[in-house]
Structure formats: C-alpha cells, structure tokens
1. I'd like the full set of residues that are more than 14 Å from the chain's Cα centre (by Cα) and either in a strand (DSSP E or B) or surrounded by 17 or more Cβ atoms within 10 Å (Cβ to Cβ) (or both), limited to the range 26-55.
2. Looking at the range 37-52 only, could you name the residues that are in contact with a helix residue (DSSP H, G or I) (Cβ under 6 Å, 6 or more places away or on another chain) and farther than 11 Å from Ser125 by Cα?
3. Of all residues in the range 56-72, how many are assigned to a helix (DSSP H, G or I) and either surrounded by 16 or more Cβ atoms within 10 Å (Cβ to Cβ) or among the hydrophobic types (A, V, I, L, M, F, W, C) (or both)?
4. Considering each residue of the range 97-126, count those that are part of a loop (DSSP other than H, G, I, E, B), touching a helix residue (DSSP H, G or I) at 6+ places or on another chain (Cβ under 9 Å) and open to solvent by 60 Å² or more (accessible area, probe 1.4 Å), and give that number.
5. Which ones in the range 73-96 are surrounded by 16 or more Cβ atoms within 10 Å (Cβ to Cβ) and in contact with a Ser or Thr (Cβ under 7 Å, 6 or more places away or on another chain)?
6. Would you mention how many residues in the range 4-25 are assigned to a helix (DSSP H, G or I) and either farther than 19 Å from Val126 by Cα or open to solvent by 40 Å² or more (accessible area, probe 1.4 Å) (or both)?
7. Can you find even one residue in the range 128-135 that is open to solvent by less than 50 Å² (accessible area, probe 1.4 Å) and either within 18 Å of the chain's Cα centre (by Cα) or basic (Lys, Arg) (or both)?
8. Within the group Asp70, Asp58, Asp147, which residue is in contact with a strand residue (DSSP E or B) (Cβ under 8 Å, 6 or more places away or on another chain) and over 30 Å from Ile34 (Cβ atoms)?
Amino acid sequence: MSCYHDHFQIQSDRRPTFHDVTEKASETVRTSGISNGLLTVFSQHTTCSVFIQEQSDDVNYWGTQFVLQDMVDGLSKIFPTCSTEGQYLHPGPLHIKIAGEERSEEAFWSLNTDAHLRSVLLGRSVCVPVIDGVLQLGEFGRIYFADFDQVRSRERTVRFTITG
C-alpha cells in the first residue's frame, strides 16, 4: 500500500468563505500516481470544515453560491453568529487570558464560538474513493473547504492524503 501527502494554502475572509478544492484534489490524485484507493481531504483548523456538496450555479453579491449561503443561513439558526462576549459560555476569561499571553491573540478574536460549533457539526474531513484515477464524487459532487470564522481573515491549509 502506498501513501501520498500534499497540501496548499487558501485565504479566508471576515465572513464564511468557501473554496471549491475539487480540481486541486483531482490534480493531487494524478500527481500521487495512486490510481485506486481513498483520498482524504482534511482541515487542521477548528473553525473550518470540509464537505461534499452540489455546485450551485447562482451566487449572491459576495460570490457565495446559493446552496452554500442557504447552508450558512440554516447553521446560523442552530448556532447564531457570535456578536458579543457572554453570548456563549466559550470563551471564558481564562481562555481569553491564555490566548492573549501565549499566542498574542486579540480578545475579540475569540468571538468565534459559532464557527467552532458549525465546524464540529459539519466535520473537518471527507474521504472519497479513487477508482482508476478518478474521484468518485457522483455527477454533481464537489469538495468544499469552508472557513466559518468571521472575526479575522487568515491563510488556511488544505491537506490531502491518498492511500491505495
């Protein structure tokens, strides 16, 4: 059995951002030389998710596909966007103190509890079968990397592992 790893960087924004990473995943499969196995797409970031969804041809004024905006709107009903301290139990005063001292974080950066909860609900990875060098996503499936953090924009890492 062989194993191949790759990664690349994307840039998020100060709103939920989505990146279609399907073509990059297919390119990674070709580069790996593994024609039959499993591709795992993973986010190491706790406010980000990876999922498979249909591509929506329509987009809003921000360029977000309708189906992805519908998902954000639905998730906002379950986990409302964190707008002020005390809205959620997390972050508590100890977390704010440690984040500031050990990671030089601004206190308001911790107002992203909704992003952490949305990420847990959707998951941080997907596994896709690879058969004869082709991702088995179905007719409409696309792989998306989402960053739900709305307190700051950041560079994020998308990780691929192919085994087969």
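1. Selection gives Ser26, Thr28, Val29, Ser32, Ile34, Gly37, Leu38, Leu39, Glu54.
2. Thr46, Thr47
3. 6
4. 1
5. Cys82, Tyr88, Pro91, Ile96
6. Residues that pass the stated criteria total 2.
7. Within the range 128-135, one or more residues are open to solvent by less than 50 Å² (accessible area, probe 1.4 Å) and either within 18 Å of the chain's Cα centre (by Cα) or basic (Lys, Arg) (or both).
8. The unique qualifying residue is Asp58.
The values are calculated or read from the model by the stated rules, or taken from the named source; none is laboratory data. Just so it is clear, the model here is predicted, and its values are computed rather than measured. Methodologically, a virtual Cβ is constructed for each residue, glycine included, from the backbone with ideal geometry; neighbour enumeration extends over all protein chains shown. All accessible areas refer to the heavy atoms of the entire protein, side chains included, with ligands and DNA or RNA removed. Shrake-Rupley method; radii C 1.70, N 1.55, O 1.52, S 1.80 Å.
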